[in-house]
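Shown next, in structure tokens, is the structure this report addresses.
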Amino acid sequence: MTVPAIETKELVREYRMKRSPQNPSGAPVVALDGVTLDVPQGEMFGLLGPNGAGKTTLIKVLVTLLLPTAGAARVLGLDVVGQVQQIRERISMVSGGEHSGYGILTVREQLWMFSQFYGLPSKPALARIDELLKVVGLYEERNRRTSALSTGMRQKMNLVRGLLSDPEVLFLDEPTVGLDVTAARDIRAYIKEWIRMKPGRTILLTTHYMHEAEELCDRVAIIHKGRIIAGDAPAALKLRATGGTYFLLTTETLDGISLAGLPGVQRADTRALDGRMELRLHLAEDGAIAGVVKVLADSNRRIFSLQKIEPTLEEVFVQLVGQRLEEADERKAGP
Amino acid sequence: MNDATPARGMLRLLRAILGRSYPRIIGANRDKSWLFYDTVLPLLGTIAFVYVYKALGAPERFVGYVIMGGATVAFWMNVMWSMAAQFYWDKQGGNLELYMVVPCGIPAILLGMSFGGFVGTVIRAIAIVAIGSLLFDVHYTVSQWPVFLLVFGVAIVGLYGLGVTFASLFLLWGREAWHMANLFMEPVFFLSGFYFPVRALGFWAGMGASLIPLTLALDAMRQLLFPGTHPPFLPLGTELGILGALAISFIVLARFLLRKMEYLARREGRLSLRF
């Protein structure tokens, strides 16, 4: 039986704080509050949460940059407290907005420098660098100084750096933060490609972009105030949203036509809208919409629009946390 | 083992040292501004002292003292600004946390920084000595080259060991590394006798200043460059012995502080992380 790629049990991490007007007692800040996770090898796992939720702290503990205050964490079966070196041999980390390296070096030189820290022989290291640069579309810039790179190019270079050592577990901390749409899409495309090319490799991705988590991850955990408040496949998480999938239909006034009793219709909420009627239909299965349409057509009611509405991760987040992710970010960053 | 298998142990250490020294060595070659900032400007300060000695009618060897001192200043500045303060810059840029999780470990990174810094600085120092000696027609009589190189080598090991020690200390003490580096500029220029024989300070002040390896190294090298005319602070053998002890002490202390720094970084989270 293979060991999980990542395993945490009741993981707690506190930061000691100095006394300040905001924190007069000097009480420690709890960044992780009993996090229990199990990520099997080969999975792309997402941690979704607002700024300050504990995502980055969890990654820092797992990559051995921070000690846990309590609880346990293991990466590839290795303890993050006692088997630090063995973990560092097998993982890599890339953070969003990272400005690592030295601006005086070219892209290729910078990546070569980092390859040496992993002990890679120069010739195969340079061949791997060229290959990866081609994949992320940065090969033409290989001899350009890193100080002259755009944010998107720099992040592609950082991603290549993270992959140079062919890590078994790759930690990506907000890899597309601050990137324009195209650059972010390129990064996501390459992450997907890498995991496809390297079955068995694991990625732990933190993000506060819902669509990113949904697009990339096999499973997602929602983290808020240091606690995992939900975790499942994105589709399964969405099913948990109150209301689930429903149909939104706009038609003429119903004038006594009842839809609630039709086969497959679980609930039909109506709302008057500029002389028309908006119906929100919760059905036992999608096919039941045909019966609704037939009743309306037989009653000579015109149908103006019909939409199938599926819940988003955003709605799941709002229901679990009580506010939208952006609001949670703003509250955290507020005065 | 295929040819892309990462090395471990000593081979990885050597590769990491070479990797980290590369930006320092290539940087000097790529950005030629050092020729002006690191050679011409320090030389101006050195020349000022030369004229002071000339105006006072001091013996010719004092001109040589000053040029030697000027060259040695380059090493001290490299150790302070590019070793002691380097973790601070690396922390700000996000390199420090990456360095802490790469398998070669922080000591390999520091050795690479030291080696790269040394190579770059030795070129600057040679340039200062060569230009200064040509300008003022200074002649040196090195009586014992192997001893001279031994003194220089032991002093460099001690000096960069001190740099590694300071690298951890600067990070532990506070966030404004340049203030700390500045603090160690002028007082060390004075106490280490960069521009005069350290013997002039008296025994106890000289012994205190000898905690900086350059103090005794400069005095020992001056004894070897100007045999019979330089007033020694301590006998050559004693100075070499103390320099050796300092080198070992600083390496041990640096190792201890590095471990302490790494432990605190992991425990507190404030040393390696950018908040």
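Annotations
- Meets criteria (of a type in the set (Asp, Glu) and in contact with a Phe, Trp or Tyr (Cβ under 9 Å, 6 or more places away or on another chain)) for A:GLU98: no
- Test: residue in the stretch B:175-183 that is charged (D, E, K, R) and assigned to a helix (DSSP H, G or I): no
- A:GLY162 vs. criteria at positive phi and not in a strand (DSSP E or B): no
- Members of the stretch B:114-155 found to be among the aliphatic types (A, V, I, L, M), closer than 29 Å to B:ALA254 by Cβ and either touching a Lys or Arg at 6+ places or on another chain (Cβ under 6 Å) or without any contact (Cβ under 8 Å) to a residue 60 or more places away in the chain (or both), listed by number: B:VAL122, B:ALA125, B:ILE126, B:LEU149
- Criterion (farther than 21 Å from B:PRO6 by Cβ and facing chain B (nearest Cβ under 10 Å)) met by exactly one of A:LEU32, A:LEU66: A:LEU66
- Leading residue by the ranking (nearest to the other protein chains (Cβ to nearest Cβ)) among those in the stretch B:19-44 that are within 21 Å of A:ALA125 (Cβ to Cβ) and buried (at least 19 other Cβ atoms within 10 Å of the Cβ): B:GLY19
- Of A:SER150, A:SER92, A:SER115, all but one fail to be within 26 Å of A:GLU215 (Cα to Cα) and at pLDDT 95 or above; the exception is A:SER92.
- Any chance B:ALA205 is over 27 Å from B:PRO107 (Cβ atoms), in contact with a Ser or Thr (Cβ under 7 Å, 6 or more places away or on another chain), surrounded by fewer than 22 Cβ atoms within 10 Å (Cβ to Cβ) and modelled with pLDDT of 90 or more: no
- When the stretch A:111-167 is filtered for residues that are in contact with a Leu (Cβ under 9 Å, 6 or more places away or on another chain), closer than 18 Å to A:GLY178 by Cβ and at the interface with another protein chain (Cβ under 10 Å from one of its Cβ atoms), the ones remaining, listed by number, are A:ARG161, A:GLY162.
- Cβ-Cβ under 8 Å pairs, at least 6 apart or on other chains, the stretch A:251-273 side more than 14 Å from A:LYS294 (Cβ to Cβ), far side assigned to a loop (DSSP other than H, G, I, E, B) and hydrophobic (A, V, I, L, M, F, W, C): A:GLN266/A:ALA284; A:ARG267/A:ALA260; A:ALA268/A:LEU259; A:ALA268/A:ALA260; A:THR270/A:LEU254
- For the stretch A:35-49, the criterion of a residue being over 28 Å from A:GLU193 (Cβ atoms), more than 14 Å from every other protein chain (Cβ to nearest Cβ) and among the small types (Gly, Ala, Ser) is satisfied by no position.
- Of the helices (runs of 4 or more DSSP H) lying entirely inside the stretch B:39-158, those containing at least 2 residues that are within 30 Å of A:SER100 (Cβ to Cβ) span B:61-77, B:86-93, B:95-101, B:106-136.
The values are calculated or read from the model by the stated rules, or taken from the named source; none is laboratory data. Bear in mind that the values here come from a model prediction, so they are computed numbers and not experimental data. Positions of Cβ are generated from backbone atoms using ideal geometry, with glycine treated the same way; all protein chains shown enter the neighbour counts.
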